[in-house]
Amino acid sequence: MSEMVADKKLKENKLGTMPVPKLLLTMSLPAMFSMLVQSLYNIVDSLFIAKVSGLALDAVSFAFPMQQIMLAFALGIGVGTSTIVARRLGEKNKVDADKLAQTGFKLAIINTAVFMIMGSFLPRLFMMIFTKDTNIVNMGMQYLTICMVCCFGQMIEILFSKVLQATGNMIIPMLSQLLGAIINIIFDPIFIFVCNLGIVGAGLATVMGQIISMIFVVILASKRRHIIDLFFKDIKFGLKKIKEIVRVGLPVMIMNAVAGIIVIIMNSIIIQYSVKAPSALGIYFKLQSFVFMPVFGLNQGALPIMSFNFGANKEKRYKQTFLLSILVSLIIMAVGLIVFQLCPEWLISLFENSSSDAEIAGYAELLKVGTVTLKVISWSFLFSAVNIIVTTGYQSIGYGLTSLIMSLLRQVILILPIAILFGKLWGLDILWWSYPISDILVMVVFTPYYIYAYKKAFAKRLKVAGEIAKEESIVSSSQIADNVIVENNSAEDCISISESNLESAVVASTMDSGIEENKSCKE
């Protein structure tokens, strides 16, 4: 009975039937809201910590890249799993979709264990890469240790949320993110100021929000096993399924992890020009998340739609989803660009601390460097809008390697040499132009190639579908011919039987007539 219900749900899946504009809206809005809420995780701690001291803000800024790397691994496994699950659902293969989801859950648990172990010894070494200031090192170590040792909330919540999104459910992930952010916002000031825990309180509030989000989404996912079953009964791993998940999720993982690694390297470069440059870059990344996160939410809504319709060979719906996603992404990024160009001083003032003369002097330097940082790097928004959706397109058709190369070029191979060169030639203000230039170059090369790749991928799938249909037609014709032969043989047997019965009847009739005649003669 449950299999019949599941099969019916697959046939009626809105990912393949609902009008694309309405579908993208219903799929993306909850995800966009969820990602905006996720942005609060990135900025709330910094807003409160900035009121503690400028050194505490520096510590959180230095810790941010490691948090980005942890998030990258969680997203890689989550997106890789959800993309393949959506594709299997598009192919109406729920059994395999369940197994893939369960494999993703196992990978998320292993990923969690690795970071929890690393959290016991890595934070101090990590902080010492950037500074020798004992206060900054200690504060950063305390904050980062809490985030890493208690990362299970973030890792498991992201995996479950992504898989639920692959089934078309965007509400539960949205509520999960909202719940976690509210918990974080409530307990940040309580732990930091009321309990006087400072940066430790910020870390505790963050992981508390993540853990409660995890509990919420796991409970609700357990009630939806008829759609997708995430809960495994054995610990066996299917190597083939791991490869599928990794092939799609690796570009996402590397793209986000590399972003964190680049910030680490960039901090070591820009600190030579200004001690407040790393904090300025950290503030930029926290503020730009309010622009990028809605686009990533749009991306989350578009990816299952594109993956499903690619699996279902519906090219028109696939193309319509891609173009509409590009348009909406450009609109969002354009609004962000305008705000960053017109109001950089106001944005930076959110992190102001004027509690002492030293803090006032430090903030003045931060304002000077940060204003240029926000204005210059924000020019990359429009080109990033296209690159993010194109990367999603590559993932949806299984071009994981191409997506990976795209990410590496954009965030490593191009940006670092350009930043180092511009810094040496023209200083810090021009160095920031390495970000928009890298995005422009990647967009020019990889967008045309994506158009070619997706057309080729659909042509290949249609060719395979045609061959399968042809084989089925041949088999069907053969079966019809066999049925005709059987029916003819049956008819011949029936004729033979009828003739035999007729002969028997004639003989019997003759015998009866003879008996009657003998009776008459005797009489």
* Structure fact -> Note on ILE262: of the conditions (1) in a helix (DSSP H, G or I); (2) closer than 24 Å to MET127 by Cβ; (3) open to solvent by 30 Å² or more (accessible area, probe 1.4 Å), unmet is (3)
* **Scan of the range 131-166 for residues that are under 26 Å from the mean Cα position of the chain (by Cα) and of a type in the set (A, V, I, L, M), ordered by number** => LEU144, ILE146, MET148, VAL149, MET155, ILE156, ILE158, LEU159, VAL163, LEU164, ALA166
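Condition check ((1) at pLDDT below 95; (2) among the β-branched types (Val, Ile, Thr); (3) loosely packed, with under 11 Cβ neighbours inside 10 Å; (4) not in a helix (DSSP H, G or I)) across all residues:
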position: ALA453; (1), (2), (3), (4): yes, no, no, no
position: LEU462; (1), (2), (3), (4): yes, no, no, no
position: LYS470; (1), (2), (3), (4): yes, no, yes, no
position: ILE474; (1), (2), (3), (4): yes, yes, yes, no
position: SER477; (1), (2), (3), (4): yes, no, yes, no
position: ALA481; (1), (2), (3), (4): yes, no, yes, no
position: VAL484; (1), (2), (3), (4): yes, yes, yes, no
position: ASN488; (1), (2), (3), (4): yes, no, yes, no
position: ASP493; (1), (2), (3), (4): yes, no, yes, no
* Structure fact -> Scanning the range 14-46 for residues that are farther than 30 Å from CYS147 by Cα, open to solvent by 20 Å² or more (accessible area, probe 1.4 Å) and either at pLDDT below 75 or in contact with a Gly (Cβ under 6 Å, 6 or more places away or on another chain) (or both) gives LYS14
* Structure fact -> Residue pairs qualifying under the 9 Å Cβ cut-off, at least six apart or on distinct chains, with the first in the range 351-368 being open to solvent by 60 Å² or more (accessible area, probe 1.4 Å) and the second being modelled with pLDDT of 85 or more and aromatic (Phe, Trp, Tyr), are GLU352/TYR363; SER354/TYR363
* Does any residue in the range 63-78 that is closer than 19 Å to ILE43 by Cα come within less than 7 Å, Cβ to Cβ, of a residue that is surrounded by 21 or more Cβ atoms within 10 Å (Cβ to Cβ) and hydroxyl-bearing (Ser, Thr, Tyr) six or more places away or on a different chain, and which pairs are these? -> ALA63/TYR143
* May I ask you to verify whether PHE187 is more than 17 Å from the chain's Cα centre (by Cα), part of a helix (DSSP H, G or I) and without any contact (Cβ under 8 Å) to a residue 40 or more places away in the chain? => yes
* Structure fact -> Across the range 108-167, the tally of residues that are farther than 24 Å from GLY78 by Cβ, assigned to a loop (DSSP other than H, G, I, E, B), open to solvent by less than 50 Å² (accessible area, probe 1.4 Å) and β-branched (Val, Ile, Thr) stands at 1
* Only one residue in GLY209, GLY198, GLY140, GLY203 is at positive phi and not β-branched (Val, Ile, Thr). Which one? -> GLY198
* Please give the helices (runs of 4 or more DSSP H) falling wholly within the range 341-425 in which 2 or more residues are β-branched (Val, Ile, Thr). => 357-377, 381-396, 400-408
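Yes/no matrix, rows are residues, columns are (1) of a type in the set (Gly, Ala, Ser); (2) within 23 Å of ALA72 (Cα to Cα); (3) open to solvent by 10 Å² or more (accessible area, probe 1.4 Å); (4) touching a Leu at 6+ places or on another chain (Cβ under 7 Å):
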| site | (1), (2), (3), (4) |
| --- | --- |
| MET214 | no, yes, yes, no |
| ARG225 | no, no, yes, no |
| GLY249 | yes, yes, no, no |
| MET255 | no, yes, yes, no |
* Looking at (1) of a type outside the set (S, T, N, Q); (2) farther than 30 Å from SER61 by Cα; (3) modelled with pLDDT under 90; (4) surrounded by fewer than 24 Cβ atoms within 10 Å (Cβ to Cβ), which is the one condition that is false for PHE296? -> (2)
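The values are calculated or read from the model by the stated rules, or taken from the named source; none is laboratory data. Just so it is clear, the structure is predicted and the values come from calculations on it, not from any experiment. Glycine gets a Cβ as well: all are built from the backbone with ideal geometry, and neighbour counts include every protein chain shown. The area values use the complete protein model at the heavy-atom level, side chains included, leaving out ligands, DNA and RNA. Shrake-Rupley method; radii C 1.70, N 1.55, O 1.52, S 1.80 Å.
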